[in-house]
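**Q** Quick one: the structure is below, and I'll ask about it shortly.
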Amino acid sequence: LIHFALDLPRGLRLAALTPALPLLAEELGVDAVRLAPDGDTGRPTLEVPRPDPVPVRLLPLARSVAEIAPPCAATLGRDVTGAPILLRLDAPEVGPALIAGAAGAGKSALLRGIALSLALHNGPDTLRLLLIDCSGPARRGPRAGAWAEMAGLPHLVGEPVRDPQIGRASCRERV
């Protein structure tokens with residue numbers, strides 16, 4: 001993303017600009033633009049997709065931070081400056097997380113990335129994973145579930161679980 005800092009007239013609310021965003025995206029020749037606060041200053045910024053997006057590959061990124069990544073850290077990607085984003089799950093300020101979104105938004109891909117990154121940074125002797133996908137075949141169809149390709153990971157305490165009752169029992173056994 002490319003960020004443009006906005007200097008808004010006093011009293012103008014960001015919500016007043018929202019109706020103009022589709023027209024602005026069209027004029028810029030992009031699919032969509034978004035208003036967001038700057039992460040450092042909180043000032044409003046306009047986010048525009050890069051014309052030459054570069055995919056971020058998990059394995060090379062995880063290798064590049066292997067020496068500095070603390071235990072229980074997941075490599076999430078890169079920020080707008082290109083710096084690696086690490087999520088330290090054992091940090092005191094990190095509590096339970098809810099990952100939500102519409103169908104197809106990338107929730108399963110994010111969770112797979114977090115799990116794989118944790119496995120890359122931690123050996124099976126220090127990290128054990130219980131993978132549960134309770135969305136069920138009614139929502140996903142007959143496919144093998146979000147965790148199917150991770151079934152051979154040595155960090156797993158067992159096969160990925162798809163049944164909610166089995167998932168609940170598995171959690172109770174291990175906690």
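The values are calculated or read from the model by the stated rules, or taken from the named source; none is laboratory data. Values in this document were obtained by computation on a predicted structure and should not be read as measured data. Note: ideal-geometry Cβ built from the backbone for every residue, glycine included; neighbour counts use all protein chains shown. These accessible areas exclude ligands, DNA and RNA; they are computed on the full protein's heavy atoms, side chains included. Shrake-Rupley method; radii C 1.70, N 1.55, O 1.52, S 1.80 Å.
**Q** I want to verify the translational diffusion coefficient of region 8-109 in µm²/s; compute it with Stokes-Einstein, Rh as the Kirkwood radius over Cα pairs, at 20 °C and 1.002 mPa s.
**A** 126
**Q** Contour minus end-to-end for ASP31 and LEU58, with contour as 0.36 nm per residue of separation and end-to-end as the Cα-Cα distance?
**A** Value of the extension gain: 7.1 nm.
**Q** Sticking with this one: State in Å² the accessible area per residue of region 1-106; use a 1.4 Å probe, count heavy atoms of protein chains only, and round to the nearest integer.
**A** Spelled out: the 1.4 Å probe surface of region 1-106, per residue, equals 74 Å².
**Q** Here's a follow-up. Would you work out if the chain is rounded, prolate or oblate? Take a ≥ b ≥ c from the square roots of the eigenvalues of the alpha-carbon gyration tensor; rounded if a/c is under 1.5, else prolate when a/b is larger than b/c, oblate otherwise.
**A** Verdict is prolate for the chain.
**Q** Any idea how far the Cα center of region 1-41 sits from the one of region 46-99, in Å?
**A** Rounded to whole Å, the Cα centres lie 25 Å apart.
**Q** Connecting C-alpha atoms closer than 10 Å in a GNM of the chain, tell me which of LEU129, LEU46, LEU14 has the biggest fluctuation.
**A** Top of the fluctuation ranking is LEU14.
**Q** Now, a different point. So, with +1 on the Cβ of K and R and -1 on the Cβ of D and E, and no other charges, what is the size of the charge dipole of the chain about its Cα centre, to the nearest 20 debye?
**A** 520
**Q** If amide hydrogens are placed 1.01 Å from N in the peptide plane, which non-local residues have theirs closer than 5 Å to the one on ILE2?
**A** HN-HN under 5 Å from ILE2: VAL48, ARG50.
**Q** For the chain, what is the mean residue ellipticity at 222 nm derived from helices alone (per DSSP H run of n ≥ 4: -39500 (n - 2.57); sum divided by total residues; nearest 500 deg cm²/dmol)?
**A** -7500 deg cm²/dmol
**Q** How high is the relative contact order of region 35-78? Use alpha-carbon pairs under 8 Å, at least six apart in sequence, and give a whole percent.
**A** 27
**Q** Next question. When only Cα pairs under 8 Å and 6 or more residues apart are kept, what is the percent relative contact order across region 45-175?
**A** It comes to 20 percent, rounded to a whole number.
**Q** When the accessible area of region 58-175 is computed with all protein chains present and a 1.4 Å probe, what percentage of it is carbon and sulfur?
**A** In region 58-175, the share of accessible area belonging to carbon and sulfur is 59 percent.
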